[in-house]
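Q: So that we are looking at the same thing, I have put the structure below in structure tokens.
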Amino acid sequence: MLFIRSLLFTCMQVVTTVLFSLLGVLLWPIPFKWRYKVVSKWARLNLWLLEKICGIHYQIEGLEHISDEPSIIMCKHQSAWETLALQVIFPQQVWVLKRELLWIPFFGWGLAALNPIAIDRSAGRKALSQVVAQGKERLLAGSWIVIFPEGTRIPTGQIGRFGIGGAKLAVESNANVIPVAHDAGKAWPKKGFIKYPSTIKMVIGEKIAVKDKSAAEVNKQVYQWMEGQMTSLEGGHPKVFAKEDKNSGKK
């Protein structure tokens, strides 16, 4: 039954992705804020489908920490679920993501319509400079910035090393950081097809002001907060994630 439910959701997700991506292309000439309002409805629809088809619900703690001031969201990356939920929970936002995602037919078109900061992760300092420059522009235009500091989805019970991009942007732009943790991996695991009925809990932390702090200090503060929240959410201290060496087959 779980397989059938998951298959039905996946089919509906594909259909809605195609429809909203085409809609995003058609709406490209209109101002971003209106285009965003329309295209981001895809996320709300898919969360509804997850609830009705797969029995996945969610609870949010800390909604009072979301202000009207555009800030930088540094979120735990554990599942595909948070990519939907953030669009529903937070105000207008743009994402820092790898540029290869824009090359995916239909899905990439929809992403492009949401004005992301698409980087070449192998570009090093150039990518970092792009995040800071374009991030400042997006913040001034009234958008929040979403960044997953771990850079990739990390399995449950683990925590990845934080990249410096989000913290660097925060310091350079003097924008507050809003840390976000959740346990979505239990319902929609990394690279998992089966969706498991459960209630996901998301915790939104208090804003972290960056004045007089270095990017490294901001990163450390967010990391420690994330580590503590994941320990509470998952019932155990997260292990440090080790990337697998594809050449040796070792970690």
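The values are calculated or read from the model by the stated rules, or taken from the named source; none is laboratory data. Note that this is a predicted model, so its numbers are computed, not measured. Cβ coordinates were reconstructed from backbone atoms using ideal geometry, including for glycine residues, and neighbour counts include every protein chain displayed.
Q: Return the total of residues in region 48-60 being assigned to a helix (DSSP H, G or I) and touching a residue at least 40 places away in the same chain (Cβ under 8 Å).
A: 4
Q: Moving on. Need pairs with beta-carbon distance below 8 Å; first residue in contact (Cβ under 8 Å) with a residue 60 or more places away in the chain and under 15 Å from residue 109 (Cα atoms) and within region 27-44, second of a type in the set (Lys, Arg) and surrounded by 13 or more Cβ atoms within 10 Å (Cβ to Cβ); sequence gap 6+ or separate chains.
A: 27/35; 28/35
Q: Among the candidates 8, 45, single out the residue that is modelled with pLDDT of 95 or more, in a helix (DSSP H, G or I) and within 23 Å of residue 191 (Cβ to Cβ).
A: 8
Q: Can you pull out every residue in region 103-161 that is among the polar types (S, T, N, Q), touching a Lys or Arg at 6+ places or on another chain (Cβ under 8 Å) and modelled with pLDDT of 95 or more?
A: 156, 158
Q: A follow-up question, please. Sort through 163, 192, 110 and tell me the only one that's assigned to a helix (DSSP H, G or I) and not hydrophobic (A, V, I, L, M, F, W, C).
A: Result: 110 is the single residue among 163, 192, 110 that is assigned to a helix (DSSP H, G or I) and not hydrophobic (A, V, I, L, M, F, W, C).
Q: Please enumerate the residues belonging to region 61-105 that are closer than 24 Å to residue 159 by Cβ, touching a residue at least 40 places away in the same chain (Cβ under 8 Å) and part of a strand (DSSP E or B).
A: 61, 72, 73, 74, 75, 93, 95, 96
Q: Still on this model: Given the condition surrounded by fewer than 20 Cβ atoms within 10 Å (Cβ to Cβ) and over 26 Å from residue 49 (Cα atoms), answer yes or no: does some residue in region 141-148 qualify?
A: yes
Q: Those residues that are acidic (Asp, Glu), in a loop (DSSP other than H, G, I, E, B) and more than 26 Å from residue 196 (Cα to Cα), I need them from region 136-160; list them, please.
A: Correct list: empty.
Q: Give me the pairs, please: first residue somewhere in region 212-237 and touching a residue at least 40 places away in the same chain (Cβ under 8 Å) and closer than 15 Å to residue 176 by Cα, second residue anywhere and of a type in the set (Gly, Ala, Ser) and outside any loop (DSSP other than H, G, I, E, B), beta-carbon distance under 6 Å, and either six or more positions apart or on two chains.
A: So the pair list comes out as 215/167; 218/167; 218/170; 219/167.
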